[in-house]
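What follows draws every value from the coordinates through simple rules; no lab data is involved. Keep in mind that what you see is a predicted model, and the values were worked out from it rather than measured. Cβ: placed from backbone, ideal geometry, glycine included. Neighbour counts: every protein chain shown.
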Amino acid sequence: MPEQDKLSPRVASALPFPTPIKKGQDLWWCSCGLSARQPFCDGSHKDTGFSPVRVNPSKDQIYFFCGCKHSSKGPLCDGRSHQQFTAQHPADDI
């Protein structure tokens, strides 16, 4: 697939979303960046080619959900991708 044809999500935040989650909660992480309920899906992805990612944690804890939508760890922030992405796209562009 040519590079220009790849889908690119909207950056919802240059920082991760620290979110307390309970074991067994069934949630859907927004992968498109358009949801008004970040970091979770509100259905805004319709007709974008993106799909939400199911999150079903195995323990109670604070999870750091990716805000830039470019993490190599899916819904969880990898601590690097947002730094790389935001360095290439200054705050005025986000």
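Structure values in brief
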quantity: In the stretch 9-59, the trypsin sites (Lys or Arg not before Pro) that fall in loop regions by DSSP, at most 14 other Cβ within 10 Å; calculated: LYS22, LYS23, ARG37, LYS46, LYS59
quantity: Additional length obtainable on full extension of the chain from LYS73 to LEU7, 0.36 nm per residue less Cα span; calculated: 22.0 nm
quantity: Segment ILE62-ARG37, extension gain: residue separation times 0.36 nm, minus the distance between their alpha carbons; calculated: 7.3 nm
quantity: Amide H partners (placed H, <5 Å) of TYR63, local residues excluded; calculated: THR19, ILE21
quantity: Under-28-angstrom lysine pairs by C-alpha in the stretch 1-87, whenever the two are 8 or more apart or on separate chains; calculated: 14
quantity: Relative contact order of the stretch 1-87, defined on C-alpha pairs under 8 angstrom at six or more residues apart (%); calculated: 34
quantity: Built amide H within the under 5 Å cut-off of VAL55, gap 5+; calculated: LEU27, TRP28, TRP29
quantity: Reciprocal of mean inverse Cα separation for the stretch 1-87 (Kirkwood radius, Å); calculated: 13.3
quantity: Neighbourhood charge, 11 Å Cβ-Cβ cut-off, centred on LYS59 and excluding it, Lys, Arg +1 and Asp, Glu -1; calculated: +1
